[in-house]
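The structure is given below, and queries will be raised subsequently.
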Amino acid sequence: MFNNDMMLRRKLGERELHQAIELQDRRLMNLQLADAKHRLFQRSLSLGDVFSSPNQIKQNLVFPSDNNNKGTC
């Protein structure tokens, strides 16, 4: 009985640790995405693109332009 309780506690602790690690990974991904958006916005400002909006930045991140592949087909 004592051994079973210890094993259950250990498994619960491992599960909680795994969930905490996953949560930290998601937070890090969100920070990296926010940083990428910020850098893209700053780059568009430095290039004189005054029409950039957060929606355009999001679209650029999701659907980057394919100018490098034109004419290769």
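Label residue 19 and residue 31 with points 7 Å out from Cα along Cα→Cβ: what is the distance between them in nm?
That separation, rounded to one decimal, is 2.2 nm.
Short version: ³J(HN,Hα) in whole Hz for each residue of region 28-40, in order, from phi by Karplus 6.51 cos²θ - 1.76 cosθ + 1.60 (θ = phi - 60°), x for Gly and Pro, what are they?
Listing the rounded values in order: 5, 4, 5, 5, 5, 5, 4, 5, 5, 4, 4, 5, 5 Hz.
Just so you know, all these numbers are worked out from the coordinates, no wet-lab data involved. Keep in mind that what you see is a predicted model, and the values were worked out from it rather than measured. Every residue, glycine among them, receives a Cβ derived from its backbone with ideal geometry; neighbour counts consider all protein chains shown.
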